[in-house]
Amino acid sequence: MKIGVIDYRAGNLRSVINALKAVGCDGGMVVKSPGELERCDKIILPGVGAFPKAMAYLNETGFVQALNEQVVGRGKLFLGVCLGMQLIMEMGHEGEKTPGLGWLRGAVTRFADTPGLSVPHVGWNDTRPVNSKAIMAGVPEGADFYYVHSFKVACCDSSDVAATCEYGEPFVAAVERGNVFGTQFHPEKSQHFGLRVLKNFVELPC
Amino acid sequence: MLSKRVIPCLDVRNGRLTKGVKFEGNVDIGDPVETARKYYEDGADEIVFYDITASHEARGIFLDVVEKVASQIFIPFSVGGGINTVSDMRDVLVAGAEKVSVNSGAVKNPDIISEGAARFGSQCIVLGMDVKRVEKSEAIPSGFEVVIHGGRKYMGMDAIEWAKTGEALGAGEICLNSIDADGTKNGYDIELTRLVAKSVTIPVIASGGAGSPQHMVEAVTTGRATAALIASIVHYGEYTIADLKKHMAEAGVQTRSVW
């Protein structure tokens, strides 16, 4: 099985590919051009960085169209990680308002300024799987995952939420709707439970 | 709730793990990849590697270490030492590090922080600061001065001002090392840690002086740090990381459970 990891110059791709290997998937491949998505069975959009810049790059390079064809059109399994999860929402509010891929209803906004809370939210935080979603299978309530982000996702449809977390306020830690999955945390950097989430994605039938 | 992080720091010289006191008298204490793997399994929340190799040739050996670590360890790790250009940053990030730490390179050329943040994102730029206590003066109102070259060169910069500047330039975290406390095992410089942590909104990692779990508790409570860097107390087997976390949890500090 080939899992395409999209290189849009915004992420540590090697750690995703290394983590896929660690859960028994040797088919992780870096995808640099949209045409390559055709021969991938599943797709991972990793990423850190700024929403508007990432979206502009995905638009200019034709990845937006290719992703819509492969994920929405053909139903390929998709996992967005960190910024990659935020990009599947309708609207980003980082800097200028920027439309995202819009596969899930909701927006991406900054953590509110709260005295005593550092932003970005960096580190391990206990996370609660909800709605018994496939992506969080086998992860107990309160398992810690590694996060690094200043912006967070709010879903309009609570049934899209796969896990929640709290940092000054509750936020969405993972999403799942049909063939579309996302994690705000970094599964590739979250030791056992992170690897479990990646394994779940790898093992879901295409 | 966000856990306080326990971060072992590995100094690497010519591909081997070393440890010295106050940046001097380094001795070989093992293999960095094996040691990192042990700390990973024992519950380290993150790992920091410093390349303290002097020669340019040994840089390749260090990057090999980073690559090996990245293929075996699935927690974040940062890499510092000898980072002077955006291209140096890229090398360690491509090798698989999650974050890159700039120290004297940023003191000499602060723009490297903003360039690195623009290119790779703030989340992966850690501003490493080495700080010494000095007499309070007009130039150093806080009485904490930024130093480089392992504490041998005073820069005439106030540590608090430099922390704020680093944040404004786009650093995502500060790793704050007290040269006075480093290697002493007498505890972190809590006053320094607290002053810096109160002056910025980005997370501050306390470094230098950890000799007991109680010191770590102080760093993340009174000191307001979000993480505690440790070295000697785990390198020589005095404590395991699990021991340290257990002690911290008993003192009421939220740490990541090792399941």
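A crude spin-label estimate for the pair residue A:29 and residue B:108, with each label 7 Å from Cα along the Cβ direction, gives 4.3 nm.
Between residue A:60 and residue B:28, the distance separating the two model label sites (each 7 Å from Cα on the Cα→Cβ line) works out to 4.9 nm. Shown for the range A:1-121: lysine pairs separated by 8 or more places, or found on different chains, whose C-alpha atoms are under 12 Å apart, numbering 5.
The trypsin sites (Lys or Arg not before Pro) of the range B:94-182 that DSSP puts in a loop, and whose beta carbon has at most 13 other beta carbons within 10 Å, are B:136, B:152. The portion of the accessible surface of the protein assembly as shown made up by carbon and sulfur, rounded to a whole percent, is 49 (1.4 Å probe; DNA, RNA and ligands excluded). Amide H contacts for residue A:106 (H built 1.01 Å from N in the peptide plane; partners 5 or more residues away or on another chain; cut-off under 5 Å): A:90, A:91, A:156.
Across the range B:71-85, coupling constants 3J(HN,Hα) worked out from phi with the 6.51/-1.76/1.60 Karplus curve, θ = phi - 60°, read 7, 10, 10, 10, 9, x, 9, 10, 10, x, x, x, 8, 10, 9 Hz, and Gly and Pro carry x.
Interface area, chains B and A: about 2700 Å² of buried accessible surface, summed, with a 1.4 Å probe and ligands, DNA and RNA left out.
If you count, for every residue in B:95-101, the Cβ atoms of partner chains within 10 Å of its Cβ, what is the mean?
Average per residue, whole number: 3.
When only alpha carbons are used to place a centre, the range A:142-206 and the range A:1-38 end up 18 Å from one another. Exposure check, 1.4 Å probe, all protein chains in place: residue B:1 carries approximately 130 Å² of accessible surface.
For residue B:198, the lysines whose Cα comes closer than 28 Å to its Cα, not counting residues fewer than 8 places off in the same chain, are A:152, B:4, B:22, B:99, B:108, B:132, B:136, B:153, B:164, B:185, B:245, B:246. For the pair the range B:80-147 and the range B:177-216, the centres of their Cα atoms are 17 angstrom apart. Within 10 Å of each candidate Cβ there may be at most 14 other Cβ atoms; applying that plus a DSSP loop requirement, which trypsin sites (Lys or Arg not before Pro) in the range A:92-143 survive? For trypsin sites (Lys or Arg not before Pro) across the range A:92-143 that sit outside H, G, I, E and B with at most 14 neighbouring Cβ atoms in 10 Å, the list reads A:97. Here the gap between residue B:258 and residue B:149, fully extended at 0.36 nm per residue and compared with their Cα-Cα distance, gives a gain of 35.6 nm. Calculated mean residue ellipticity at 222 nm for the protein assembly as shown: -8000 deg cm²/dmol, from DSSP H runs with n ≥ 4 weighted as -39500 (n - 2.57), summed, divided by the residue count and rounded to 500. Among beta bridges from DSSP that stay inside chain A, the antiparallel ones total about 60%.
Taken about its Cα centre, the range B:135-237 carries a charge dipole of about 180 debye when Lys and Arg each add +1 at the Cβ and Asp and Glu each add -1 at the Cβ. Close amide-amide hydrogen proximity is noted between residue A:143 and A:127, each under 5 Å apart and 5 or more residues distant or on a separate chain (H modeled in the peptide plane; Pro and chain starts excluded). Rolling a 1.4 Å probe over the protein heavy atoms gives the protein assembly as shown an accessible area of 38 Å² per residue.
The values are calculated or read from the model by the stated rules, or taken from the named source; none is laboratory data. Remember, it's a predicted structure, so these values are computed and weren't measured experimentally. Positions of Cβ are backbone-derived with ideal geometry, glycine not excepted, and every protein chain shown enters the neighbour counts. Accessible surface is based on the protein model in full, side chains and every heavy atom, while ligands, DNA and RNA are left aside. Shrake-Rupley method; radii C 1.70, N 1.55, O 1.52, S 1.80 Å.
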